[in-house]
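Each remark here refers to the structure printed beneath this line.
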Amino acid sequence: MKKYISAILFMASISIFAQEDTTSPEQKWSGSRPDGHAPISVMGDHTHGKGDFMFSYRYMYMNMEDLNENSENIEFLDAIMPTGNYMVTPTSMPMDMHMLGMMYAPSNKVTLMVMANYLSMSMDHLMMTGATFTTESSGLSDTKIGALYKFFNKNKQQLHGQVGLSIPTGSIEEMDVTPASSPNEVILPYPMQIGSGTWDAELALTYLKQWNTLSFGSQAKTTIRTGKNDNDYRLGNKYSINNWLSLVAADWLSFSGRFELGAIDKIEGANPDLNPMMVITADTANSGMTYTNAGLGFNLYAFKGGLKNLRLGAEASLPLFQNMNGIQLRTKETITIGVQYAL
Ligand SMILES: [Cu+2]
């Protein structure tokens with residue numbers, strides 16, 4: 001929480017010393033081009049001018065499949081008894097996420113953001129006996145609010161910072177029936193919970209640079225979780241650096257390539273209702289990782305006409321490297337599609 005407060009003070013002090021903006025429009029970084037927004041999987045990448053609203057909807061599909069121990073692919077049978085230490089292993093976990101966002105700029109320097117998320121997940125399992133079963137969870141996830149502060153926009157470059165809060169509106173009490181619990185429901189392991197259960201600070205710094213038909217962006221972002229949730233644990237903090245290059249193919253079309261480097265800390269504490277011997281996902285030793293992923297995408301932009309300022313973006317990404325703590329499902333393909341409309 002201390003880090004969060006000092007970041008607010010840091011931004012506030014910079015705003016006091018900020019100069020009156022005298023840069024001409026041609027020298028400015030501009031959002032009014034297809035590559036004026038980052039690849040659709042990146043959030044908080046752009047700011048708005050005074051009085052502007054933007055509404056957005058994103059759909060994300062993420063799939064996890066097969067097991068890694070550290071950075072090595074292992075067989076399911078290596079993870080469960082008698083060879084391994086667990087009674088049950090997950091085999092795959094597809095996830096759908098719907099994200100509804102709004103942005104509003106009360107001034108040229110500040111853009112406010114709010115985002116509501118709906119998650120639905122299912123996890124397939126393999127038991128020692130060879131039997132399989134599936135658990136499911138879905139619901140409204142954590143709600144995010146934030147403010148972007150523009151430090152400067154000149155020489156076709158922009159730098160802005162983000163201070164945000166993730167509000168624990170998502171459930172950490174998701175339950176389902178398993179063969180061991182049948183006919184009763186039991187609490188599901190950590191990855192199947194919808195929210196973090198804690199108030200989390202989200203801080204980011206984004207740098208943008210444009211040329212005539214090319215643009216570059218880089219965003220460093222962290223999620224700092226505070227305290228412990230009602231089930232006596234805290235999810236790991238997240239750190240990432242995301243970089244992208246976009247190429248303008250037409251006034252209405254750009255293509256993007258993105259490369260991300262990230263880390264997630266281990267879960268702190270443990271839910272006393274989960275038995276870590278039962279299933280890999282209930283053991284907090286199997287949480288946290290370092291990873292890299294890369295994505296290819298495109299942005300469509302209506303630069304004139306009745307649909308002016310409507311955008312559609314899509315991106316597909318794959319992990320290049322993942323080094324897990326313990327044993328975890330491997331991240332596979334992620335697909336993000338979104339529409340954005342500014343007025
Ligand atoms: Cu926006």
- [ ] Given the conditions (1) out of contact with any Phe, Trp or Tyr (no Cβ under 7 Å at 6 or more places or on another chain); (2) in contact (Cβ under 8 Å) with a residue 24 or more places away in the chain; (3) away from the ligand (no atom under 14 Å from the Cβ), report the number of the one that Gly51 does not fulfil.
- [x] (3)
- [ ] Return yes when Ser92 is within 16 Å of the ligand (Cβ to nearest atom) and surrounded by 15 or more Cβ atoms within 10 Å (Cβ to Cβ) and no when it is not.
- [x] no
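I need the full set of residues from the range 229-250 which are farther than 24 Å from Thr331 by Cα and part of a loop (DSSP other than H, G, I, E, B), in order please.
Selection gives Asn229, Asp230, Asn231, Asp232.
Condition check ((1) small (Gly, Ala, Ser); (2) closer than 30 Å to Lys209 by Cβ; (3) touching a residue at least 60 places away in the same chain (Cβ under 8 Å)) across all residues:
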residue: Leu77; (1), (2), (3): no, no, no
residue: Tyr86; (1), (2), (3): no, no, yes
residue: Asp96; (1), (2), (3): no, no, no
residue: Thr134; (1), (2), (3): no, no, no
residue: Ser137; (1), (2), (3): yes, no, no
residue: Ala147; (1), (2), (3): yes, yes, no
residue: Lys150; (1), (2), (3): no, yes, yes
residue: Asn153; (1), (2), (3): no, yes, yes
residue: Gly161; (1), (2), (3): yes, yes, yes
Open item on the list: So Met81 ticks every box in (1) touching a strand residue (DSSP E or B) at 6+ places or on another chain (Cβ under 9 Å); (2) closer than 26 Å to Asp176 by Cβ; (3) more than 16 Å from the ligand (Cβ to nearest atom); (4) not basic (Lys, Arg) but one. Which box is left unticked?
Closed with: (1)
Open item on the list: Suppose we keep only residues that are out of contact with any Ser or Thr (no Cβ under 7 Å at 6 or more places or on another chain) and more than 11 Å from the ligand (Cβ to nearest atom) within the range 101-113. Which one would you say is nearest to Ser166 (Cα to Cα)?
Closed with: Val110
- [ ] Please specify each residue of the range 63-116 satisfying the condition of being under 17 Å from Tyr291 (Cβ atoms) and over 16 Å from the mean Cα position of the chain (by Cα).
- [x] Glu65, Asp66, Leu67, Asn68, Glu69, Asn70, Ser71, Glu72, Asn73, Met93
TODO: Being within 16 Å of the ligand (Cβ to nearest atom), outside any loop (DSSP other than H, G, I, E, B), of a type in the set (A, V, I, L, M) and at pLDDT 95 or above narrows it down to one of Ala116, Ala38, so name that one.
DONE: Ala116
TODO: Could you tell me whether the range 299-308 includes any residue that is farther than 26 Å from Arg58 by Cα and either part of a strand (DSSP E or B) or modelled with pLDDT of 95 or more (or both)?
DONE: no
Open item on the list: Any residue that is buried (at least 18 other Cβ atoms within 10 Å of the Cβ), part of a loop (DSSP other than H, G, I, E, B) and of a type in the set (S, T, N, Q) - is there at least one of those in the range 251-269?
Closed with: no
TODO: Could you tell me whether the range 60-74 includes any residue that is of a type outside the set (Ser, Thr, Tyr), within 16 Å of the ligand (Cβ to nearest atom) and crowded, with 22+ Cβ neighbours inside 10 Å?
DONE: no
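Would you check if Thr83 is surrounded by fewer than 16 Cβ atoms within 10 Å (Cβ to Cβ), of a type in the set (S, T, N, Q) and in a loop (DSSP other than H, G, I, E, B)?
yes
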TODO: Return a yes/no flag: does the range 283-305 have any residue that is free of Cβ contacts under 8 Å to residues at least 60 places away in the same chain, of a type in the set (S, T, N, Q) and buried (at least 20 other Cβ atoms within 10 Å of the Cβ).
DONE: yes
TODO: Could you list all residues from the range 270-298 that are among the polar types (S, T, N, Q) and in a strand (DSSP E or B)?
DONE: Thr290, Thr292, Asn293
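The values are calculated or read from the model by the stated rules, or taken from the named source; none is laboratory data. From a predicted model like this one, the values you see are computed outputs, not experimental measurements. So basically every Cβ, Gly included, is an ideal-geometry build from the backbone, and we count neighbours across all protein chains shown.
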